[in-house]
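Report on the following structure.
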Amino acid sequence: MNVSFRWVRDVAPGIGLGPDRAMERLALRGAPVEEVVDLAAGLKDIVIGRVLEAGPHPNADRLTLCRVAGPDGEVPVVCGAPVVRVGAYYPFAPVGAVLPGGFRIGRRKIRGSYSEGMLCSERELELGEDHAGIMLLEGQYEVGAPFAASVGLDDVRMDVEVTPNRGDLLSHVGIARELHPAGQDGIALPPFPGGRGEPAASFARGAAEAASAGCRIHIEDPELCSRYLGAVIRGVTVGPSPAWLADRLRAAGARPINNVVDATNYVMLELGQPLHAFDLEKLADATIVVGRARPGESLVTLDDETRAVTPDMLMIRDAVQPVAIAGVMGGRDSEVSEGSSDILLECALFEPRKVRATRRALAMSTDASYRFERGVDPVTMEAAVLRAVSLILATAGGTLDGEIIDAHPRPWVPAVVSLRPSRVSHVLGVDFAPEAIAELLVPLGYAVEVAGADRLDVTVPGHRTYDTLREVDLIEEVARTHGYDAFPEVMSAARSGTVPDHPLFQLEDRLRDLLAANGISEAQTPALGPKRHGDVALLNPMSQDEGHLRRDRLPGLLTHVERNMSRGVRDVRLFEIGTAFAPSDDGPPIESSRVAVALTGGRTPPHWSSGAEPFDIHDIAGVLGLIAREACPDAAVVPAGVRAGGRAGGRASAPAGGQAQRLFAPGRCYELVSGGGEVVGWGGQVRPEMMDLPPWAGAVVGAEVVLPAVPPRKPDVTARDLPDQPAVQRDLAFLVPVGTAAGEVLDAARMAAGRLLETADVFDVYEGEDLPPGTRSVALRLRFRARGRTLTDREVDKTCRRVVRTVKEKTGVEPRR
C-alpha cells in the first residue's frame, strides 16, 4: 500500500508524528514499512519563478525570450513552450540546478541569446507526461521559494506491508487511524479546494431494486452483491484534474487520468472504497443489473483486452450486455471519456471470495479487486459516494440529479464478540482491567459494553468485520494497541504442567528419535500443495501451487529430494511427520497423521576403500518394519498385493486412491498390513517419471505410514540379568517359490519355534540353476536359549523338526536338502 504521509496528516490533523516515528509505530502495530521514497529528492534545486516579460526570440520563430524573476533576481530565459503567460508562476531551474533525471542547468547561448535557467514542464520534473508546455502554477506564490514545499510536494511515500486480513489498512484513513493518538476520533476529512461542500443528498432506497433520476438498479444475486449505490451526475465537463488533485494522486503512486476517474481513485485511496464511473448515455435504458454472467459472454475491459467470462462470475450489465466485471474492472464501451456529459457513479459491496475467484480465473489484478477481495467497509459506503460526488462537482462541474439510488437487499449487521478480561490476562501474561481494555479498543472503532463480572460485549466496526471474529482476535487487538514493546521483558512465574502429551504426540516424538538415530534427517513440507497432490480445495488459496491440502506426505517430501539433487547433492535421507487430508461427504476434511521417508544415494558415507552400495527396496522395507515396531506392532511388511501370512483378508491395496500403484515401480513395492488386514503403509522404488531428476541420479525409494489415532500402549520396560547360559544356533534353508514372501516363512518359523526362540532372521537368499525352476533358497538363522539351564541338542533338534513341519503346513514350502 503506497501511502502519502502528507495525505495521512491531512486526514488526521494533530497526528504529531514525523515519518520516522510513524514508520516505527506502524511496525509495532503489525504493518511495517518496506520502503520510503522522498518525493522532493529530485526537486530540491527547483524554485518558484515568475515571468515578468515574454516576447518572440529575435532569431527563432518557435522560441520565446523571457525575463524571469528568480532567487538571484531577474534573468533572461529562452523557452520553447508555445504559450508563456506574463505574470504567471512556473517551476524554475536556475543555473547550477540539477533536474530529477540528472541533467544540470548551465548558462547557454541559444540562437544568439543567453539563457540563464529553464522553465520546467511536468515531464522534465517527472511529475507527469505533459512535455508540450511548461507547468503553469495557479494561485499566488513567493518568488524564489522552494518549489516542492510551495506546491505540497515535500512529502514522503511509504510502502506499507499490509497482511491479507487487514483490508482496513488499504486506505489513508485506515493508516491514520492506527497512527493518531485518538484513533477513529482523530479523523477529519479535509474540504476540497474550490469545493461547495458535501451535497445535500437523500437516498432512494429499495431491497433488490431501486430507481431515481431515470436510472434503475437491480441486484439478481444478493449473496454476491449485498448493496449497490448509484449517483447520477449530469452536465460534467471531463478534462484534466486540477494540479492539487493530480499531485495528491502522484504522491500516493497513482497516475492521473481525468477529473472524473481521478475523483473515484482519490476516494478509494482515502477511504478504501473502490468506485467506478459509467458514461450514462452508453448504458442501455439507463439500467444496471448485477448478476452472474450469461453462458458465452465476453467483455472488452478498460485495458482493451477481450475477456471471456463464465457463469460463475459476477457481472454488471445494462439492459442489453455486460458493462463491467464486478469488483475487478469496467468495460471499455461504457467508460467515461472527454465527450461524456452524464455519468453514473457506482459504489458497491461485493462478496470477497467471488471477487478473488474471478480475478484469479481471469489472471488479472486491479486496485479495486485488491481491496474487494480483502473486504471493504460496509459502513462507509454512503460517506464514500457523497465524498466522490462532492469531488466530481468541484473538479468537473455538473449537478447531482435526483436521489442517490440505494439497492440494499442484505443490510449489514455488526458482529458482537464476547471478551473475558480474565482470558486477556491469561493469554498476554499481564493483567488488564475492563476499563483499560476499553481504552485500547474504542479508538480503533470498537464499541465496548460491560455485560457481566467477567464479560465485555464488543461490537465490531465495519472496517474490521472480516478479521475480528473470535475472542482471540480481540485479544490480539489489545496486545497491538498496548504495544508489544510495552510488555515486560522478564518472564512471569510459571509452573510446568503435569498432564502428559497425547499418546499420538508421544509416538511422533519416539519416531523422530528413532529415524534420526538411523541417520535420516527431518524435513518439513507445507500442508498445502498443487491440485495433483490433494483432493481438498481451499476456499481462499494464496496461489495455484498451494490451492489444495495434501492427500499424502511422501510426494511433498520427494520435492525436497529433487531440490537437493538440482544442487548436486547425491545422498539424501529425509523423513517427515505431518498431516494428510481426505475429503468427507459433509463437514471438515478427514485428517490423519503420517510419517514419510525418502532415501537415495549411498547407504554409507563414501570411503576410498570401497564404493557405497545404493539404497534399494529392501532398505525401505526395513524402514517400514522399523516404523511398524513403534506404531503398529501387529503389522507385517509384505510385497504389494501379497497376502500377509494369511492374516490379511484378501489382496491388499494402498489407500489414497492407489498411492503405491501411482508412485512406485511395478513389482518393487511393499505394503504394511495390520493384523486386521488393513493397509496402513506403503513403500518402494519411485517411478523415475514421477520425479524431475538429473541423468546421474540413482534410484529413489520412499515410504509412508498412517499413524494410528490412538497408538497402542507401549509396554513397560523391565530389567533382568544378562543370560549366563550359552545360546544354540541352527540354520535352516527352504525352497521358496517366487510368488511366496520370505516373511511368511519367517512368521511360520517363529510361531513354531515357541518360547525357546530368541531371534530368527533371514541371513541368505540364493538363486541358481541347480535349484528347481521358479524357486529360490531362503536361509533362516534361529537362535535358541533357555534361562536358568543349558539347552540340549535333542531339545533344539526336536524344535527344528517342528519348525520345518509347520512351515510346510502353513506355506507349502519344502526344506532344501
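The values are calculated or read from the model by the stated rules, or taken from the named source; none is laboratory data. As the structure is a prediction and not an experimental result, all values here were calculated from the model. Cβ atoms come from the backbone with ideal geometry, glycine included; neighbour counts cover every protein chain shown. These accessible areas exclude ligands, DNA and RNA; they are computed on the full protein's heavy atoms, side chains included. Shrake-Rupley method; radii C 1.70, N 1.55, O 1.52, S 1.80 Å.
Need a quick list: helices (runs of 4 or more DSSP H) entirely within segment 359-465 having at least 2 residues that are under 22 Å from Met1 (Cα atoms).
Where helices (runs of 4 or more DSSP H) fall fully within segment 359-465 and carry at least 2 residues being under 22 Å from Met1 (Cα atoms), they are 367-372, 381-396.
Taking the options Gly768, Gly743, Gly754, name whichever one is assigned to a helix (DSSP H, G or I), among the small types (Gly, Ala, Ser) and over 59 Å from the mean Cα position of the chain (by Cα).
Gly754
Could you list, in sequence order, all residues of segment 212-261 that are part of a loop (DSSP other than H, G, I, E, B), of a type outside the set (D, E, K, R), open to solvent by 20 Å² or more (accessible area, probe 1.4 Å) and more than 20 Å from Leu302 (Cβ to Cβ)?
Within segment 212-261, Ala213, Gly214, Pro222, Gly235, Thr237, Pro242 qualify.
Return the pair list, or none, for Cβ contacts closer than 7 Å from residues in segment 566-582 that are farther than 14 Å from Ala703 by Cα to residues that are among the acidic types (Asp, Glu) and part of a strand (DSSP E or B), at least 6 apart or on different chains.
Thr579/Glu591; Phe581/Glu591
Every residue, every condition in (1) at pLDDT 95 or above; (2) surrounded by 15 or more Cβ atoms within 10 Å (Cβ to Cβ); (3) over 17 Å from Val804 (Cα atoms); (4) not aromatic (Phe, Trp, Tyr), yes or no:
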{"position": "Pro711", "(1), (2), (3), (4)": "no, yes, yes, yes"}
{"position": "Pro726", "(1), (2), (3), (4)": "no, no, yes, yes"}
{"position": "Val736", "(1), (2), (3), (4)": "no, yes, no, yes"}
{"position": "Ala741", "(1), (2), (3), (4)": "no, yes, no, yes"}
{"position": "Val745", "(1), (2), (3), (4)": "no, yes, no, yes"}
{"position": "Leu756", "(1), (2), (3), (4)": "no, yes, no, yes"}
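Is there a residue being under 23 Å from Glu678 (Cβ atoms), assigned to a strand (DSSP E or B) and either within 38 Å of the chain's Cα centre (by Cα) or modelled with pLDDT of 95 or more (or both) anywhere in segment 533-541?
Yes: one or more hits.
Return yes or no: is Val762 assigned to a strand (DSSP E or B), open to solvent by less than 80 Å² (accessible area, probe 1.4 Å), aliphatic (A, V, I, L, M) and modelled with pLDDT under 95?
Answer is yes for this residue.
Test Tyr484 against the criterion of being out of contact with any Ser or Thr (no Cβ under 8 Å at 6 or more places or on another chain), open to solvent by 70 Å² or more (accessible area, probe 1.4 Å) and closer than 30 Å to Lys354 by Cα, and give yes or no.
No; evaluated as a whole, the condition is false for this residue.
Select from segment 32-56 the residues that are part of a strand (DSSP E or B) and under 17 Å from Arg107 (Cβ atoms) and write down the one among them that is most open to solvent (accessible area, probe 1.4 Å).
Val47
Among what's in segment 771-791 and is small (Gly, Ala, Ser) and open to solvent by less than 20 Å² (accessible area, probe 1.4 Å), pick the residue that is farthest from Glu744 (Cα to Cα).
Filtering first and then ranking leaves Ala786.
List every residue pair whose Cβ atoms lie under 8 Å apart, where the two residues are 6 or more positions apart in sequence or sit on different chains, the first residue falls within segment 383-395 and is on the phi < 0 side of the Ramachandran plot, and the second residue, located anywhere, is surrounded by fewer than 22 Cβ atoms within 10 Å (Cβ to Cβ) and in a helix (DSSP H, G or I).
Leu391/Leu245; Thr395/Leu245
Is it the case, given these coordinates, that Asp401 is within 30 Å of Leu344 (Cα to Cα) and open to solvent by 40 Å² or more (accessible area, probe 1.4 Å)?
Against the criterion (within 30 Å of Leu344 (Cα to Cα) and open to solvent by 40 Å² or more (accessible area, probe 1.4 Å)), Asp401 qualifies.
In segment 670-679, how many are in a strand (DSSP E or B) and either on the phi > 0 side of the Ramachandran plot or buried (at least 24 other Cβ atoms within 10 Å of the Cβ) (or both)?
The total comes to 4.
Only residues that are within 17 Å of Val448 (Cβ to Cβ) and not in a helix (DSSP H, G or I): list them for segment 470-498, please.
Arg470
Can you name every residue in segment 133-180 that is closer than 12 Å to Ile48 by Cβ, assigned to a helix (DSSP H, G or I) and open to solvent by less than 50 Å² (accessible area, probe 1.4 Å)?
Phe147, Ala148, Ser150
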